[in-house]
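Read the structure below first, then the notes.
The values are calculated or read from the model by the stated rules, or taken from the named source; none is laboratory data. For clarity, every value in this text was computed on a predicted model and none was experimentally measured. Positions of Cβ are generated from backbone atoms using ideal geometry, with glycine treated the same way; all protein chains shown enter the neighbour counts.
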Amino acid sequence: MEEELTSPEELTTPSQLLSYLSTYKVLVCLRCRYAIQPGAIARHLKEIHRLHRATRRTFVAFASELELAQPHDVVLPDESQFPVPFLPIQEGLACRFEYCGYLCASSKRMKQHWRCTHQIPTSDPLSTPVPLQTFFRGNALRYFTNPSLLRGSPACTPDSAAKFSKDGRSNTPCTTPKTGTTYPENQHLPLNQHSSLIITDQGLLDHYRNSTYKTLSCHPETDQAFGEVVLGLTARFDFLRQGVMACAALHLASIHPANRTHYVLQSLRHQAQAIPTFRQAILLVDRDNCEAVLAFAFFLVICSLNSDTEDPRLFLNDDPDQHLHWINILRNGCSMLCPFWDELTAGPLAPFAAVWEDDLGVSVEASEGPLLGALLPRVFAETPIHGLAGEHETYRDAAVQLAAAEAFLRRRGPGATVWDALNAWPMRMAPAYLELLKQDRPGALLLLAYYATLLRPTRGEWFLVGRVESLIDEIARRLEDTSCSAQSWDFFLGIRREYFPEEALANQ
Ligand SMILES: [Zn+2]
Ligand SMILES: [Zn+2]
């Protein structure tokens, strides 16, 4: 392959490197064989292809004339259009559970998917080999296949799943062809459009009861709280009922991509109904509603992280109305609960209270890891003494908390959940630090990048898919825009290379 490529000097016209696919409104890099994100074209040309400034200008001008869709808006090919030209085709797998149709590139991923999404740990998940393509790489990677291969009746329905033995293996032989070069017509998969849409409140509550609650409870000890207890409270507290339905709808959106818009809109409607009543409730927290307020925190986080309307970058939010920021709502909500904490820890939602436990129970001095030890001097170097008042102290405090968060998550080991990761640091972010983050101070961004490495192991949760990667990309973008030093940029690249190899590769 190498010898076919022209050297940068020989690239003079955009068509030598870039091809515009008007059907999908994407610009494909012919060398990299993937579409470049609309905002990343200049960087791609500079950093990957090392085009000289004058050439780059011509290419960027060419691209600026084109109508380019954002990654999540790209319309996928129909059966007559697959495969998309220029993009490589790789062997992949499609999930055959119910109307799932989830696609991935490795059997390891598929096993993880069955464990997390279908709650069936199995060494041999039902799947069919399919050809995969993706327009984008990195955080916008989204596989698609020929939709005709996803048609037919499900190989595995909840009923047949019940026949699974404890290790998740089917009692009836169910073969998954190991050779992936042919895609026989009888290996049909369900078509998402054929699944009946859930449109009623009761339908959403049932979906929550049957499926969603288990995906939220990352631990057996919280199963009952997320299940029975929360559902019991929904009868009395409408904000919680709306929150549960909003969350169930997002969960449905994640497992039925073809009906995504329908479910996201449903979720947004329930979110809009939940928030005003919840805001009222936290003005007057009492013995009666404290459990519902505590439970709602989880649904608030999930909707905030997953919603299409929310900034997908977790902590980097340009929204001027920071009061609406989920961290602030969460912190306010939890501080309102303080007077009732003893009751909460003794009641049926004790496992929830434990998740937001204030005391992480780690000694901080002893826990400062080598990476963090190198990070703090870097953060200080980015911050002139005559900079913002108290900036150094704010960073030091944030770093100490970060070290504690890391020690805490390490102690939790593989059992650490996304809730632990959120409680360990974001809930403790000082307003002064959030303010520096809002101003895109390099020191604040570096600390956040470090935190992203702690969130990484939780990426398998459906409501976090792609979010941590977006966060890392967004930090990169902001660091580039600030006057961050070359050393700090290298430090950041080092973190990204080590912890986010896929993103590092895509953005090289
Ligand atoms: Zn390229
Ligand atoms: Zn599946």
*Taking the options Arg50, Arg33, Arg43, name whichever one is near ligand 1 (Cβ under 10 Å from one of its atoms) and at pLDDT below 90.*
Arg33
*asked:* Quick check on my filter: what residues within region 92-118 are within 11 Å of ligand 2 (Cβ to nearest atom), farther than 21 Å from Pro77 by Cβ and assigned to a loop (DSSP other than H, G, I, E, B)?
replied: Arg96, Glu98, Thr117, His118
*Looking at (1) at negative phi; (2) touching a helix residue (DSSP H, G or I) at 6+ places or on another chain (Cβ under 8 Å); (3) away from ligand 2 (no atom under 16 Å from the Cβ), find the lone condition where Ser64 falls short.*
(2)
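On the given criteria, is Phe86 within 14 Å of ligand 1 (Cβ to nearest atom) and within 30 Å of Ser254 (Cβ to Cβ)? Don't jump to the end; show me each part of the working.
Values: within 14 Å of ligand 1 (Cβ to nearest atom): yes; within 30 Å of Ser254 (Cβ to Cβ): yes.
Yes, satisfied.
Pick out the one residue from Leu265, Leu240 that is assigned by TED's automatic domain parsing to the domain that holds Ala346, touching a Leu at 6+ places or on another chain (Cβ under 6 Å) and away from ligand 2 (no atom under 16 Å from the Cβ). Can you show your working first?
Details: Leu265 fails: touching a Leu at 6+ places or on another chain (Cβ under 6 Å).
Answer to the selection: Leu240.
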*Right, His72: more than 16 Å from ligand 2 (Cβ to nearest atom) and in a helix (DSSP H, G or I) or not?*
yes
*Return the total of residues in region 74-108 being closer than 15 Å to Leu141 by Cα, at pLDDT below 90 and surrounded by fewer than 15 Cβ atoms within 10 Å (Cβ to Cβ).*
4
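Residues that are free of Cβ contacts under 8 Å to residues at least 60 places away in the same chain and under 23 Å from Ser470 (Cβ atoms): which helices (runs of 4 or more DSSP H) entirely in region 370-453 hold 3 or more of them?
On the way: elements: 370-381, 391-412, 418-424, 431-438.
Once the helices (runs of 4 or more DSSP H) in region 370-453 are filtered for at least 3 residues that are free of Cβ contacts under 8 Å to residues at least 60 places away in the same chain and under 23 Å from Ser470 (Cβ atoms), what remains is 391-412, 431-438.
Output the residues belonging to region 120-141 that are over 24 Å from Pro71 (Cα atoms) and either assigned to a strand (DSSP E or B) or within 11 Å of ligand 2 (Cβ to nearest atom) (or both).
First, pick out the residues of region 120-141 that are over 24 Å from Pro71 (Cα atoms): 120-129.
Selection gives Ile120, Pro125, Leu126, Ser127, Thr128, Pro129.
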*Which one of these does Ala69 not meet: (1) out of contact with any Pro (no Cβ under 6 Å at 6 or more places or on another chain); (2) within 15 Å of ligand 1 (Cβ to nearest atom)?*
(2)
*For the subset of region 45-60 comprising residues that are within 32 Å of the chain's Cα centre (by Cα), assigned to a helix (DSSP H, G or I) and of a type in the set (D, E, K, R), which member is nearest to ligand 2 (Cβ to nearest atom)?*
Glu47
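Take His207 and decide whether it is at pLDDT below 90, more than 16 Å from ligand 1 (Cβ to nearest atom) and either surrounded by 19 or more Cβ atoms within 10 Å (Cβ to Cβ) or not polar (S, T, N, Q) (or both). Explain how you work it out, then say what you get.
Details: at pLDDT below 90: no; more than 16 Å from ligand 1 (Cβ to nearest atom): yes; either surrounded by 19 or more Cβ atoms within 10 Å (Cβ to Cβ) or not polar (S, T, N, Q) (or both): yes.
When the stated conditions are applied, His207 does not pass them.
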*Which of the following residues is surrounded by fewer than 16 Cβ atoms within 10 Å (Cβ to Cβ) and modelled with pLDDT of 85 or more: Glu406, Glu393, Glu365?*
Glu393
*Search result, residues across region 29-40 that are surrounded by 16 or more Cβ atoms within 10 Å (Cβ to Cβ) and touching a Leu at 6+ places or on another chain (Cβ under 7 Å)*: Cys29, Arg31, Tyr34, Ala35, Ile36, Pro38
_In region 61-104, residue farthest from Val28 (Cα to Cα) [restricted to those that are within 26 Å of the chain's Cα centre (by Cα) and aromatic (Phe, Trp, Tyr)]_ = Phe97
*In this structure, is Tyr20 surrounded by 17 or more Cβ atoms within 10 Å (Cβ to Cβ) and modelled with pLDDT under 85?*
no
_Anything in region 229-240 that is closer than 13 Å to Thr277 by Cβ and either in contact (Cβ under 8 Å) with a residue 40 or more places away in the chain or in contact with a Phe, Trp or Tyr (Cβ under 6 Å, 6 or more places away or on another chain) (or both)? List them, or say none._
Arg236, Phe237, Phe239, Leu240
*Between a first residue in region 116-138 that is without any contact (Cβ under 8 Å) to a residue 40 or more places away in the chain and a second residue that is within 16 Å of ligand 1 (Cβ to nearest atom) and among the basic types (Lys, Arg), which pairs have beta carbons less than 6 Å apart while being 6 or more apart in sequence or on different chains?*
none
